[in-house]
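Step one of this worksheet: look at the structure below.
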Amino acid sequence: MIPAASSYHLANARVHQSITQDLSATFDADGFALADIAIADGKISSIAAHGGSKAPADAIDLGGRIILPCFVDCHTHIDKGHIWPRKPNPDGSFMGALNATGADRALRWSAEDVARRMDFSLRSAYAHGTRALRTHIDSVAPQEEISWPVFEAMRETWRGRIELQGACLLGIEGVRDKKWFDRLAKRVAAAKGVLGVVTYMVPDLEELLDQVFAQAIKHGLDLDFHADETDDVSAISLKKIAEAALWNGFEGKILVGHCCSLARQPDLEVLDTLDKVAKAGLAVVSLPMCNLYLQDRRGDAVTPRWRGVTLLHEMKARGIPVAVASDNTRDPFYAYGDLDMLEVYRMATRILHFDHPVADWPRTVTATPAKVMRLDGFGTLAAGGDADFILFKGRSWTELLSRPESDRIVVRAGRAIDRQLPDYAELDGLMVE
Ligand SMILES: [Zn+2]
């Protein structure tokens, strides 16, 4: 359907208002309009309302199929990915995940092991239509010395196909070792990475957060937190991060993931937190599939009654940038997943009610994470922008989100890519005991 030519026209494409720039057209109640798109030399040379002027006679008629810009996945763990067959989560709990992953890391995460699993993950993400991806990198000593060089090499290998970002990952108690954390921050800065920690309600949380902010300011790093991934109402580290950002006068970007406990807290507490989050300029990413899997798991013969996700609607209404992302894939934190952002969006639509109206929720997997990751021109369709988009079979939200769209066409720099997914058997050699 997409020609190999360097320039061609697509007619009758369905584009969404929230992620298409400078298109004057009449958008319907679902936010869609039909457009004609000209492609030349890897770029989108024009987007115009369908039938308005002059789509040439040889334009390819897409019959109203949906076109979305390539996805941006701002929270993943491709260093952990695909270890499930050799290290499953024994009971599906958060502690089960933490312990199983820690044991596997200590025993198995050589540079080759990490590299092969990362590459497998990136090939899947690329085939599904992802153009940029941020991964957390377990950086508990001595893993940081193994994984960061692998990440840097992988980023080079994948440049031009997937823009790869890395954020270090360690429990905030690791910051107490000032010398070591100082070294880690330097290492992350050298790799042009992002400074990340997991916050817990430890007694010295405020002091430790100040050290994190101090290192970020010193090295000019953006920040990325895992916060409050629990149903414990006393977990308020999201608020503590916002307060720390304000009193440290932090000017970089801050992304906070999970924030599950917020959904369990009383309204007044929630309002106070959201005020501070908005004021501090924090962005929030929800990980709906992982949250659904780990949260509210209470053991044998008990049915979960809570979805696990945070308050994205309330945040968006206050102007807080919100995203959704993949999080873990086939590791003890989530037994499933393939870094398919259409699956994430489809699941988010069901779990988080991204519908009726769809409004600007499509930005959560495209334009908003692109902004958080400082990727200009990613996550939107725009005249003059890169011809990086996905062409689906679906012509409406109900068609798009009812099937896996495994036959979608991914176009990069104007050309349809080979969408072959890696074979699981490739990993078998890494899975033997
Ligand atoms: Zn995560």
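Can you confirm whether the stretch 168-175 contains a residue that is in contact with a strand residue (DSSP E or B) (Cβ under 6 Å, 6 or more places away or on another chain), surrounded by fewer than 24 Cβ atoms within 10 Å (Cβ to Cβ), more than 28 Å from L391 (Cβ to Cβ) and of a type outside the set (A, V, I, L, M, F, W, C)?
yes
When you check A323 against the structure, is it buried (at least 24 other Cβ atoms within 10 Å of the Cβ) and either modelled with pLDDT of 95 or more or under 15 Å from E229 (Cβ atoms) (or both), yes or no?
In short, yes.
Which numbered condition in (1) more than 24 Å from Y293 (Cα to Cα); (2) of a type outside the set (S, T, Y); (3) in a loop (DSSP other than H, G, I, E, B); (4) without any contact (Cβ under 8 Å) to a residue 12 or more places away in the chain is the only one that R161 fails?
Here R161 meets the rest and fails (4).
For T130, state whether it is farther than 24 Å from P85 by Cβ and at pLDDT 95 or above.
So T130 does not fit the description; no.
Under 6 Å between Cβ atoms, at least 6 apart or on separate chains: pull out the pairs that start in the stretch 125-137 with a residue that is in a helix (DSSP H, G or I) and of a type in the set (S, T, Y) and end on any residue that is more than 16 Å from the ligand (Cβ to nearest atom) and at pLDDT 95 or above.
Y126/R161; Y126/I162
With the requirement that a residue be within 20 Å of H219 (Cβ to Cβ) and in contact (Cβ under 8 Å) with a residue 40 or more places away in the chain, what does the stretch 238-252 give you?
Matches in the stretch 238-252: I241 only.
Quick check on my filter: what residues within the stretch 321-354 are assigned to a loop (DSSP other than H, G, I, E, B), within 15 Å of the ligand (Cβ to nearest atom), more than 23 Å from G394 (Cα to Cα) and touching a strand residue (DSSP E or B) at 6+ places or on another chain (Cβ under 8 Å)?
Hits for the stretch 321-354 are N328, T329, F333.
Here is a list of conditions, (1) over 29 Å from the mean Cα position of the chain (by Cα); (2) within 23 Å of I409 (Cβ to Cβ), and K54 meets all of them except one; can you say which number that is?
Result: K54 fails condition (2) only.
Being over 18 Å from P203 (Cβ atoms), free of Cβ contacts under 8 Å to residues at least 60 places away in the same chain and either under 23 Å from the mean Cα position of the chain (by Cα) or buried (at least 21 other Cβ atoms within 10 Å of the Cβ) (or both) is the filter here; which residues of the stretch 216-237 pass it?
A216, G220, L221, L223, F225
Cβ-Cβ distance below 9 Å, separation of 6 or more or different chains: which pairs start in the stretch 288-316 with a residue that is farther than 18 Å from Y334 by Cα and end on one that is of a type in the set (F, W, Y)?
Within 9 Å, the pairs are L312/F354; L312/W361; K316/W361.
Among the residues of the stretch 2-18 satisfying the criterion of being assigned to a strand (DSSP E or B) and among the small types (G, A, S), which is nearest to P56 (Cα to Cα)? So that I can check it myself, show each step before the final result.
Initial filter on the stretch 2-18 (assigned to a strand (DSSP E or B)): 7-16.
This time we only want the ones that are among the small types (G, A, S), so: 7, 11, 13.
On the way: S7: 12, A11: 9, A13: 14 Å.
Looking at the filtered set, the residue picked out is A11.
The values are calculated or read from the model by the stated rules, or taken from the named source; none is laboratory data. Worth saying up front: this structure is predicted, and the values here are computed from it rather than measured. Using ideal geometry, Cβ is built from the backbone for each residue, glycine included, and neighbour counts are taken over all protein chains shown.
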